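What follows is a short report on a single structure.
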Amino acid sequence: MVRTRFAPSPTGYLHIGGVRTALFNWLFARRHGGQFILRIDDTDQQRNVAEALQPILDGFRWLGIDWDEGPDVGGPYAPYFQSQRVERHQAAVQALLDGGYAYRDFARPDEVQAEREAAEREKRSFVYSRRWMAETARQQAAFEAEGRQSVVRLKMPRDGQCQFHDAIRGDVAFDWAAEQDHVIQRSDGTCLYHLASAVDDYDFRITHVIRAVEHLSNTPRQIFIARSLSYPLPEYAHLPYVAEPGSSSKLSKRKLKQYLKQRDFKALFDQGARIAAAARLPVTDETFNPVVVDFYRETGYLPDALINYLLLLGWSLDDSTESFTRSEMIDAFTLERVNRAPASFDPAKLAAFQERYARQMPIEQKTAMVLPFLHAAGLVREPPTERELAQVSAVVRAAGDRIKIAGDILDFADFFLPDDRLPWDRAAVEKRLVKPPRAAELLRQFANRLQAVEPFDSASLEGLLQRFVESEGIQLGDIIHALRVAVTGKAVGFGMFETLEILGRERCAARIARVLSQLEPGAGDGHGAVD
RNA sequence: GCCCCCUUCGUCUAGUGGCCUAGGACUCCGGGUUCUCAGUCCGGCAACAGGGGUUCGACUCCCCUAGGGGGUACCA
């Protein structure tokens, strides 16, 4: 039975690199019909664990990465919070002490530090002298009499090698002599991570430890702990980390400002920021960051697109397959095909996956996806009326591939605005309505013909415009751009006839009349104009 | 300092000694389509870190160098 785990600290946000690690654990467990466990690596000092954990759990749920055991769902090996397992950790420390695999050490930090520095000066690896090691009650009493405090250190081997197999890196070996007598329990009695982690992994019956490479060098000490406690060793797989765009350093939430200098990253962020502003999202600097999963949820990405992208960040099936459904990725995933080198997060490629998924989406689904954004912006009711729903659906259909992420619907907010509150793009008005000599006149004439057309749909509208162009002896472009600016306020939009049909006869007439009145000499008070 | 890991187009990658004049994808650059934009179609630019071996033959195996990363904490 395969059992994997992901062990987040309750930090208040879900890091995109963490998601990739969790995804690989999840896929591996699902691939082998096993369990995926969420263990919370909190510490006693942390406050508001529940609050700091919520965004992480929400993030996983949104992404469809479900856990079989852990917070909220419980499980046979509860508790799944590390802070509630201290008795188990303390017992393990005692067992290690009893077995002679660990010892009490009474060195002061500065004394160990002095040895460390001496080793560095002599260009050799540091090996603690164990001068303040107490293995008998008598030694212990003597040190205590000096007023010294103790920590518990691992009594690591000093000969031979620690060899183990890594599913991604192959056979790995470390000299035991290069390992330190690592501290496993502090002088205040609390335990350190590596001890706790090894114990919890055993207690939860974890069979495959799949984690980031930064733990590769830590593996020997965990193996030492496990062996000393007679635990069976799990299989190890060390994943390369997700690197920042254009560099091989680890992607970090704190370096947002630096990443924003990169064109693609900035484009991704700006698009999100535009949506957040239009939808009046209560964004915080804490989470409104493309390194954090919330960013994608808040701006309307598809979880499947994000997951598909992340799957291919450090893993591939072959030389050409890029699209994977959940079940396809579960069937295809193997640790052997995970890459060894770090992979840079590429916002442009993520965007490409998102666009591909959005393109294949049925209209009804896309409409549903877009509604919460229109509601947040105060443009439709919640739940929407029948009429609003039809309107939204029509806009979504006409927008086609222009809606790449759900929040993009707000680029077309002008369809949902009252006619007298439609903002005008001043430059567009200037270029298409003011500057061309006959623009206003043509628009007026065409508006008149609009009154009579029947039915008011794109086919008849197209015919009407065709005839108008012929009878006036003008080019299509002479009227169509002016018309677009008049009814949408903008120079760009979707197909003209669809636009007119969606707005309907009355609204088109109202908008054209309004813009014409503004164009009359002396009438322009600038009201309604923007930019 | 010491130990360990990594290194194919700008990016994600295929490649396990001859199938490689190194393939695909994203980006970028041309061009076609079109009422604008998005899209779409066609085409293009672009890589085996460097140096030594081994071999009839190296992107693939070995060594060295360089660069990048991690560990070396009473951090996780």
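What follows draws every value from the coordinates through simple rules; no lab data is involved. All values derive from a computational prediction rather than experimental measurement. Positions of Cβ are generated from backbone atoms using ideal geometry, with glycine treated the same way; all protein chains shown enter the neighbour counts.
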- Task: Provide the gained length on full extension for the span A:Arg205 to A:Arg138, in nm with one decimal, where the gain is 0.36 nm per separating residue minus the Cα-Cα distance.
- Result: 20.2 nm
- Item | the stretch A:324-428 - convex hull of alpha carbons, volume per residue in Å³ | 155
- Task: Just the number, please: Stokes-Einstein D of the stretch A:169-327 in µm²/s, Kirkwood Rh from C-alpha pairs, 4 °C, 1.567 mPa s.
- Result: 67
- Extent along principal axes [Cα atoms of the stretch A:399-511; Å; largest to smallest]: 42, 32, 26
- Cα-based Rg of chain A normalised by 2.2 N^0.38 Å, two decimals: 1.34
- Message: Taking 35 Å as R0, compute the FRET efficiency from the Cβ-Cβ separation of A:Val2 and A:Asp401 and round it to 0.05.
- Response: 0.30
- Given the Cα-Cα distance of A:Thr43 and A:Ser517 and 0.36 nm per residue of separation, how much length would full extension add, in nm? 163.9 nm
- Residues of the stretch A:95-117 with amide N under 20 Å of the 7 Å Cα→Cβ point at A:Ala145: A:104-108
- Given a Förster distance of 56 Å, the FRET efficiency implied by the Cβ-Cβ spacing of A:Arg326 and A:Ala178, rounded to the nearest 0.05, works out to 0.85
- Message: Under the √(5λ) rule applied to the eigenvalues of the Cα gyration tensor, what semi-axes describe the equivalent ellipsoid of the stretch A:202-279? Give them in Å, descending.
- Response: 41, 15, 9
- aspartates and glutamates within cross-link reach of A:Lys155: Cα-Cα under 15 Å, excluding same-chain residues under 8 positions apart? A:Asp98, A:Asp105, A:Glu135, A:Asp175, A:Glu179, A:Asp181
- Message: Given the -39500 (n - 2.57) contribution per DSSP H run of 4+ residues, what per-residue ellipticity at 222 nm results for chain A, rounded to the nearest 500 deg cm²/dmol?
- Response: -14000 deg cm²/dmol
- What is the set of long-range amide H partners of A:Ala243 at a cut-off below 5 Å, with H atoms built 1.01 Å from backbone N? A:Leu251, A:Ala343, A:Ser344, A:Phe345
- What number, in nm² with one decimal, is the all-direction average of the projected area of the convex hull of the alpha-carbon atoms of the stretch A:21-116? 9.8
- Sparse-neighbourhood loop sites, trypsin sites (Lys or Arg not before Pro) in the stretch A:352-430 - DSSP loop, at most 12 other Cβ within 10 angstrom: A:Arg381
- Task: Work out which GluC sites (Glu not before Pro) in chain A are exposed loop sites (DSSP not H, G, I, E or B, at most 10 other Cβ within 10 Å) and give the longest gap free of them.
- Result: A:147-531
- Item | Candidates per trypsin sites (Lys or Arg not before Pro) in the stretch A:11-83, loop by DSSP, up to 11 other Cβ within 10 Å | A:Arg47
